[in-house]
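Everything below concerns the one structure shown next.
Bear in mind that the values in this text are calculations on the coordinates, not laboratory data. Quick caveat, the model's predicted, so the values are computed rather than measured. Cβ placement follows ideal geometry from the backbone for every residue including glycine, while neighbour counts extend to all protein chains displayed.
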Amino acid sequence: MDRNERTAHLIKELNLYKRYPERRGVFVKSTCDYYDAVKLDELTSSDLNFLRYIANEAGVPQYFELLERKYQEGNEINPEDMNLLSMSSFLNEANLIVTDYMLHKYQKEVLELFKNNSVNRYVLSAPTSFGKTFIVYTIIKKMNYSNILLVFPTISLLSENYLKLQNDEFFSPYKIHTLSEINEDELGEKNIFIYTPERYLSFLDNNTSYFDFTFVDEIYKIDNDFIIDNDTPEENERDTAYRLALEYACQNSKDILLAGPYIQFQKLDTERNSFNNFVRVNKFTILEYNDVEIVSKNITHIDRNKFELGNIKYKLNVGTSSLQDKVVQTIVKIEGNTLIYCGSKPDVERFANHMLKNEEYLSLLSEKEYKENNELFSIFLKHIEKKFGSDWILYKALEKRIGLHHAGIPKYLQNEIINLFNSGELLCLFSTTTITEGVNTTAKNLIVTAVKKGRKPLKQFDAKNIAGRSGRFNVHYSGNVIDLTKEFEIIINSQQDEIEHKNYDNYHNKTDIDLEVTLDEFLTNDDKRFKDEINKAKQESGLPDFIFQSYRIIGPLEKILIYNRIKVMSEVEFRKIDRLKQVLSLSNGTKIHWEGFQTVVDICRQFISNSELKQIMETRVGNKNYSLIVVQLSGFLEKGFLGTVDYYVKQKNYSKDRAISKTSKLIYTIFKYHLVKYLGVFDLLYRFHYSRVHRRNFDDVAGIKLLLQRLEYNALTNTGRKLSDYGVPFELVKYYDGVVNTKNFDLYENYVDTRIQKLLE
């Protein structure tokens, strides 16, 4: 299609949009594609006037700003060249300016819904490029809220937004809190609490706060069918934490914005009306902008080793047949940095290994120039080599400018890899669904190699979320999705599953945790009988309410069972746990008393639901006196992540890749999530029982809190815990937590130390 044809087509779409506003998404996409096609053309003043006008009609004047800034620098419109089109555009743009920032039309629509002296509660579904978090900050500034709760799905997003707020002068009067343990003297007149759902629930254990405004991101995670980061058949319980956090947020907040990408809401006439019931009961209004893809997504397929991106045609080498070879060939031939979606961690590493052996890619590599961050890249590589070894697949891949991103890579390395990819140091990035968890990249191209997430098939929602990683607003007009599966696009165009909220219908089975927060109108007769049994058990247990209101992710029946076991502890068991507490205290949580911790394991293991945690609790090693988890935990506390890797390499004869993968799962999933949860409940119930037996004040009874803090944060001080959240090298956490007294840092650690000083203020 030539320029004249494109222009005629765009004007046709504009006229259709003016007649039929529901075609806004089609018109926005047409505008994106038009800009992408002409961005490098030689443009006259008339062209620029038209482009400015059309961007404003689409509601996204930022398209024209990007054209001026990146592609047509210096081609500014002179005042004498202005006509009615450009004047209309200036007026439109002025209407979208809020303080010093320009919104696009659809962000402005959301902002204008928030009004003083009214209840503002909305559920927003919009594409990944929409700018949902930016809207949140703009709403806060407009409404001038005093006490604010922001809930994000990951620690990484928590830390990222903490830094954004720190760097924005508007938020300087606010005290910003990211840790769940807060004393009253730490509160200010204005406060922002930034939490994951689990950390917000932990905050509620000891605090009651009413918020002027609450934002909950990635709201689809209330429905476990939509949780994207599951790579095992076993559910990971995060939906429960999300639903609980949401329920308490609704109770404790005036204004609320819930948000997520590509959510399919239930039709009003659907048989199962759970989410609609949630909306009705909590007085929400649904805002649906799924059709407004601010960055156009263009899906193409390789057919007979040929494919097309825009107007450019590509052809793979004759005989290219395997999926791995197609990936390499595509990366070699196309322009722009490329993200490759893989269905699992092993797939990420298999594809990377194939790249390393490909002569054509290695030849291309020699032709590519390093960017301005070359020095950082060099010291980062040396750091990985020194700490993890040159035999790790990540090191070998990075050395050839190939990035890897999955949950088995320590967080601080993930962060730097994304930075290097966005700066152009890395030519491609192989990733699992971790890339969809709020990670922003500048990838123009996305290659899809799988239609699964671990062992689960992708839903339409998943596919759209993955495709959304191609192209970035204010960097690209469009993103290229190259589908190598022949199924990915079919999934995108398939019937989308509607989101459900199991606490707001009579269909889903409900656990004792669910029954604590479910209204009577959504309980069956069996549910009501079960709830009565639970309440009776709670009364008979003799446990006070605050026990049941703490660690809400563990149900009341599990707590009662664990408490009943604690009540029959022998004197020998008490003494062993006392010894555990002493060793923890003397070592600042870096050592455990093996017999004491084994006692805790023996008390808890029969109540553990997670199969992997249960297995290492029940597996005996050596002389069979101790569970495997005792040995593993002791090694981790004393020697850290790298010490655990070293154990697997030297004692188990694992390869470096397998050792790091095993260590990552053990620490980040089993220890820091599942184990912490059960040890926290044990600590709570043990201290309560001890206080009753010895007639002591509950708050004066020492427990195993030091162990819990070490497990969750790798640190005890507030500074150490913040840095652990943010994701910095292990040595920095140890130094700022007071474990070591000198900055014995390598060059990369020194660089990060300089970079985080703002975080430490």
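Within the same chain, aspartates and glutamates fewer than 8 places from LYS313 are excluded, and of the rest, those with a Cα less than 15 Å from its Cα are ASP303, GLU335. Given their separation in residues at 0.36 nm each and the Cα-Cα distance between them, ASP41 and GLU571 gain 182.4 nm when the chain is fully extended. Here the residues SER344, SER494, ranked from fewest to most Cβ neighbours within 10 Å of their Cβ, fall in the order SER494, SER344.
So which trypsin sites (Lys or Arg not before Pro) in region 471-546 pass both tests, a DSSP loop state and at most 12 other Cβ atoms within 10 Å of the Cβ? Please report the intermediate quantities before stating the final value.
On the way: sites: ARG472, LYS486, LYS502, LYS510, LYS528, ARG529, LYS531, LYS536, LYS538; in loops: ARG472, LYS486, LYS510.
Listed in order of number, the matching sites are LYS486.
Go through LYS29/LYS70; LYS29/LYS105; LYS452/LYS614; LYS357/LYS386; LYS382/LYS650 and tell me which ones have a Cα-Cα distance over 18 Å in this structure. In this structure, LYS29/LYS70; LYS452/LYS614; LYS357/LYS386; LYS382/LYS650 lie more than 18 Å apart at Cα. The residue among ILE466, ALA37, THR511 whose Cα reaches farthest toward the positive pole of the charge dipole of the chain, with charges on the beta-carbon of Lys, Arg, Asp and Glu, is THR511.
On a full-extension model of 0.36 nm per residue, what is the gain between ALA8 and LEU760, subtracting their alpha-carbon distance, rounded to one decimal in nm? Before the final figure, lay out the partial values.
Values: separation 752, 0.36 × 752 = 270.72 nm, distance 5.57 nm.
The ALA8-LEU760 span can extend by a further 265.2 nm.
Taking amide H positions as modeled 1.01 Å from N, with prolines and chain starts lacking one, the residues under 5 Å from SER253 and 5 or more places away or on another chain are PHE211. Once every DSSP H run of n ≥ 4 in the chain is given -39500 (n - 2.57) and the sum is divided by its residues, what mean residue ellipticity at 222 nm do you get, rounded to the nearest 500 deg cm²/dmol? For the chain, the value works out to -14500 deg cm²/dmol. Matching the structure-derived Kirkwood radius over Cα pairs in Å against the labelled list [x] 32.4; [y] 27.2; [z] 28.3 gives the label [z]. Think of the chain as having a plus end and a minus end, set by charges on the Cβ of Lys, Arg, Asp and Glu; of ILE667, THR133, VAL98, ILE667 sits farthest toward the positive end of this dipole. Among ILE402, ILE490, ILE299, the order by Cβ neighbours within 10 angstrom, fewest to most, reads ILE490, ILE299, ILE402.
With Cα atoms defining each centre, region 526-561 and region 413-483 are spaced 43 Å apart in the structure. Cβ crowding within 10 Å, taken as a proxy for footprinting-reagent exposure, orders PHE171, PHE226 from fewest neighbours to most as PHE171, PHE226.
Here's the picture: charge each Lys and Arg Cβ at +1 and each Asp and Glu Cβ at -1 in the chain, and of MET143, PRO21, TYR713 the one pushed furthest to the positive end of that dipole is TYR713. Using only side-chain charges placed at the Cβ, +1 for Lys and Arg and -1 for Asp and Glu, the dipole size of region 106-288 relative to its Cα centre rounds to 880 debye.
Sequence-ordered 3J(HN,Hα) estimates for region 716-723 from the Karplus curve with 6.51, -1.76 and 1.60 and θ = phi - 60° stand at 10, 7, 4, 5, x, 5, 5, 5 Hz, glycine and proline given as x. Taking θ as phi - 60° and the Karplus parameters 6.51, -1.76 and 1.60, the scalar couplings of region 683-692 work out to 4, 4, 6, 4, 5, 4, 4, 4, 5, 6 Hz in sequence order, x denoting glycine and proline.
Region 183-229 and region 606-627 have Cα centres spaced 33 Å apart. Think of each Lys and Arg Cβ as +1 and each Asp and Glu Cβ as -1; about the Cα centre, that makes the dipole of the chain roughly 1960 debye. Inter-part distance, region 321-357 to region 639-661, computed on C-alpha centroids, equals 27 Å.
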